[in-house]
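Here is the structure we will look at.
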Amino acid sequence: MEELPICSCHTVMVSGWAHAGNTLEPLYSRIPNLSNVTFTSPRDLYRNVQDASSQNGGNTPTHSAYAEALIDRIRCLSEPVVLLGWSTGAMIALEAAVHFPTQVKALILLSGTASFSYSKACPWGVSPRTIDAMAKHLKRNPESVLDDFFRRAASPETVSSAEIDRKIDAALEEGTESLRYSLTYLRETNLNRILPHVRQPSLLIHGKQDAIVSAAAATHLNKHMPRAAKITLAEIGHTLPEQCADTTAIYIEQFLSNLP
C-alpha cells in the first residue's frame, strides 16, 4: 500500500548565501514521504529581482524585492505551501510568510535570524563595516572572501581544500553581482518588527556552534514569534543541512506530521 505524504502542502526550500537551490536536495531526500518540493536560492530569486527592477524600481514599500520574488513563485504554485529557508533564505522566507499568509501554512527556519547586521535589538549581529568589507573584497578577490566564509560556515568541522574549491567555483558561476546584492540585503534588513505577526506554526533549528549566525538569534526568534518551537543542535555549525542532515530531517518530519 502506498504511503501517504506526511504533509499535503507544497514545500519550497530556499538556500543560503553563495549556495545554489539544490544545496538542500540532500536534506529533502532524507525526509520520507514529502510531497511536491521546489528548490530556489537568493541567486535564483535575484534574477526575478532584476526583472522587477527594470519594470517598477525594485522594492515594494512593505517588504524586500527578494520576498516579492519568492511570493510570486508561491502564487504560481496555486496550493498551500510550507516554506523552509536556510540562513539568508530563512530571512527571505520569514518575510514572505508574513506578507503572504493566505498561502504559506507553515515555516521552517534553519540558521535563521531577524537581522544579520548588528543592532541594539540584535547584538549578536555582524558589524555593518564587516559586511561592507566583504562586499568590497568580493570585487577584488572573491575567492578569498568565499574561502573564509565557507570555512567558518563549516566549523566546528574542517572541510578539505578540494571541497572548498568546489563550493567557490559553484558560487562564482554567475559572477559576484548577486552575492553583493545579497550582502546589501543582509546589511539593511531588520525583521524584528514583523516577528509578532508571524501567524504560521514555525520550527527553528540552529547549530549551537554556528560561527555565522549566533544561536542567540534563534532564541530571539523563538521569544518573539507567537507559534515557534526551537531546537538547538550541539556541536553543529552553520551548515547544519550538510553537517547533520539526518537529524535535521527527523525534526522536520516530526514538525510536518503534526501540522493541522
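The values are calculated or read from the model by the stated rules, or taken from the named source; none is laboratory data. Worth saying up front: this structure is predicted, and the values here are computed from it rather than measured. Cβ sites come from the backbone with ideal geometry, for glycine too, and all protein chains shown count toward neighbours.
As a summary of the residue check, residue 229 satisfies the conditions (1) over 29 Å from residue 260 (Cα atoms); (2) of a type in the set (Gly, Ala, Ser); (3) free of Cβ contacts under 8 Å to residues at least 40 places away in the same chain except for the one numbered (1). Scan the stretch 138-156 and give yes if some residue there is within 27 Å of residue 253 (Cβ to Cβ), of a type outside the set (Val, Ile, Thr) and without any contact (Cβ under 8 Å) to a residue 24 or more places away in the chain, otherwise no. No, the stretch 138-156 contains no residue that is within 27 Å of residue 253 (Cβ to Cβ), of a type outside the set (Val, Ile, Thr) and without any contact (Cβ under 8 Å) to a residue 24 or more places away in the chain.
When 208, 139, 167 are checked against the criterion of being farther than 26 Å from residue 107 by Cβ and either in contact with a strand residue (DSSP E or B) (Cβ under 7 Å, 6 or more places away or on another chain) or modelled with pLDDT under 95 (or both), a single residue qualifies: 139. Residue 87: buried (at least 20 other Cβ atoms within 10 Å of the Cβ) and in contact with a His (Cβ under 8 Å, 6 or more places away or on another chain), yes or no? Yes.
Those residues that are within 15 Å of residue 110 (Cβ to Cβ), part of a loop (DSSP other than H, G, I, E, B) and of a type in the set (A, V, I, L, M, F, W, C), I need them from the stretch 15-55; list them, please. 17, 31 - these are the residues of the stretch 15-55 that are within 15 Å of residue 110 (Cβ to Cβ), part of a loop (DSSP other than H, G, I, E, B) and of a type in the set (A, V, I, L, M, F, W, C).
Taken over the stretch 1-21, the criterion of being within 16 Å of residue 249 (Cα to Cα) and modelled with pLDDT under 95 is satisfied by 5, 6, 7. When residues in the stretch 159-183 are screened for being touching a Lys or Arg at 6+ places or on another chain (Cβ under 8 Å) and more than 13 Å from residue 17 (Cβ to Cβ), 3 of them pass.
I'm checking my understanding of the structure. Among residues of the stretch 122-137 that are touching a residue at least 12 places away in the same chain (Cβ under 8 Å) and assigned to a helix (DSSP H, G or I), which one is surrounded by the most Cβ atoms within 10 Å (Cβ to Cβ)? For the stretch 122-137, the residue satisfying everything is 134.
If you go through the stretch 90-105 and keep only what is over 17 Å from residue 38 (Cα atoms), surrounded by 18 or more Cβ atoms within 10 Å (Cβ to Cβ) and not aliphatic (A, V, I, L, M), you end up with 95, 99, 100. Restricted to the stretch 139-256, the set of helices (runs of 4 or more DSSP H) holding at least 1 residues that are in contact with a His (Cβ under 9 Å, 6 or more places away or on another chain) and over 26 Å from residue 37 (Cβ atoms) comprises 142-154, 215-224. Of the residues 248, 239, 189, 219, the single one that is within 26 Å of residue 150 (Cβ to Cβ) and without any contact (Cβ under 8 Å) to a residue 40 or more places away in the chain is 219. Counting only residues that are under 15 Å from residue 204 (Cβ atoms) and either crowded, with 21+ Cβ neighbours inside 10 Å or in contact (Cβ under 8 Å) with a residue 60 or more places away in the chain (or both), the stretch 251-260 holds 3 of them.
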